[in-house]
Amino acid sequence: MHPAAGRGAAEAPRRDVPVVRAVAGGAVPAEVAAAVVATTPTFVCVIGAGGALTHLNPALEAATGWTTAEVAGRPFWEVLPVAHEVAPARDCVERALAHGEADAQEGDWVDRHGGTRRMSMQLSVLRDEHDAVTALVSVGFDVTAQRQAEARLRARARTDELTGLANRSGLAKALRGVLEDPTSPGCGVLFAAPFTTVHGLVRLGISVGTALGGPGATPQSLLAAADRHMYGVKSRRRARRTRRAPVG
């Protein structure tokens with residue numbers, strides 16, 4: 001799991017002490033709190049001493065395929081986090097139970113059938129009358145679809161949606177990496193391939209150290225050369241079409 005939020009302002013209430021109030025003040029009745037946990041569509045789990053799971057709410061049971069009876073007593077990090085996040089998940093739980101630290105987290109959870117989902121979690125600790133930490137409560141939100149949509153938007157910003165090839169911004173980034181690499185032999189192939197595929201152009205043959213002045217070449221100068229080349233190709237194609245057009 002990964003921290004998703006920093007410490008709040010100094011005047012904010014302590015985040016490691018959940019504050020629950022009824023409308024008229026005072027604590028929420030236990031039956032009301034239980035009903036909220038049982039009916040909320042968010043994923044609630046309670047983690048007790050030693051990191052052992054003590055409760056999954058119905059929404060979490062339905063999403064993971066696990067029941068509270070099946071996982072009660074098992075360490076949280078052995079049940080829900082994906083394998084490569086077990087260590088940070090364990091560290092987060094142990095710190096929360098030992099020191100009352102409970103920052104928001106985001107990570108991948110796995111169900112009993114091997115399926116995964118991205119979870120955004122708000123964490124809080126429960127304390128007894130002596131202010132000792134007794135349990136950690138995680139309230140999770142499934143953000144899988146949201147994160148996938150964000151990834152698609154980032155991909156569209158870098159690539160042409162129809163061809164899957166790098167667009168101008170993606171090409172400029174790749175060119176910059178080549179130009180800044182002192183061991184690179186040049187960028188002719190890298191530069192030519194996307195335009196050859198997309199526009200049907202001939203290989204441009206522009207490489208560092210020749211047409212554009214070697215180390216002085218920049219992504220902008222290479223892209224400008226591509227524009228000039230494409231303009232020339234299009235002009236010649238228009239001229240050929242004009243010559244072939246019937247007269248009269």
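Select from the stretch 70-87 the residues that are among the acidic types (Asp, Glu) and surrounded by fewer than 18 Cβ atoms within 10 Å (Cβ to Cβ) and list them in ascending order. Within the stretch 70-87, Glu70, Glu78 meet the criteria.
The criterion of being in contact with a Phe, Trp or Tyr (Cβ under 8 Å, 6 or more places away or on another chain), modelled with pLDDT of 95 or more and surrounded by 14 or more Cβ atoms within 10 Å (Cβ to Cβ) holds for Arg90.
Consider the stretch 93-115 and keep the residues that are assigned to a loop (DSSP other than H, G, I, E, B) and acidic (Asp, Glu). The one that is surrounded by the most Cβ atoms within 10 Å (Cβ to Cβ) is Asp103. Of everything in the stretch 116-135 that is hydrophobic (A, V, I, L, M, F, W, C) and part of a strand (DSSP E or B), the residue that is nearest to Gly48 (Cα to Cα) is Ala135. When Gly65, Gly25, Gly6, Gly50 are screened for being at pLDDT 90 or above, surrounded by fewer than 17 Cβ atoms within 10 Å (Cβ to Cβ) and either over 30 Å from Gly114 (Cβ atoms) or in contact with a strand residue (DSSP E or B) (Cβ under 9 Å, 6 or more places away or on another chain) (or both), only Gly50 passes. Taken over the stretch 53-62, the criterion of being in contact with a strand residue (DSSP E or B) (Cβ under 8 Å, 6 or more places away or on another chain) and more than 26 Å from Arg95 (Cα to Cα) is satisfied by Ala59 alone.
Per the listing Ala104, Ala98, the residue uniquely in the same structural domain as Gly140 (by TED's automatic domain parsing), more than 23 Å from Pro41 (Cα to Cα) and touching a strand residue (DSSP E or B) at 6+ places or on another chain (Cβ under 8 Å) is Ala98. Would you please name the residue that is nearest to the chain's Cα centre (by Cα), looking only at residues in the stretch 116-141 that are more than 19 Å from Glu85 (Cα to Cα) and buried (at least 18 other Cβ atoms within 10 Å of the Cβ)? Looking at residues that are more than 19 Å from Glu85 (Cα to Cα) and buried (at least 18 other Cβ atoms within 10 Å of the Cβ), I get Ser124.
Total residues in the stretch 28-47 satisfying the condition of being closer than 19 Å to Ala69 by Cβ, at pLDDT 90 or above and surrounded by 12 or more Cβ atoms within 10 Å (Cβ to Cβ): the figure is 6. One residue stands out in the stretch 36-53 among those that are under 23 Å from Gly73 (Cα atoms), in a helix (DSSP H, G or I) and hydrophobic (A, V, I, L, M, F, W, C): the one that is farthest from the chain's Cα centre (by Cα), namely Ala49. Applying the criterion of being outside any helix (DSSP H, G or I) and free of Cβ contacts under 8 Å to residues at least 24 places away in the same chain to the residues of the stretch 68-83, the residue that is farthest from His113 (Cα to Cα) is Gly73.
The values are calculated or read from the model by the stated rules, or taken from the named source; none is laboratory data. In this text the structure is predicted, and so the values were computed from the model without any measurement. Positions of Cβ are backbone-derived with ideal geometry, glycine not excepted, and every protein chain shown enters the neighbour counts.
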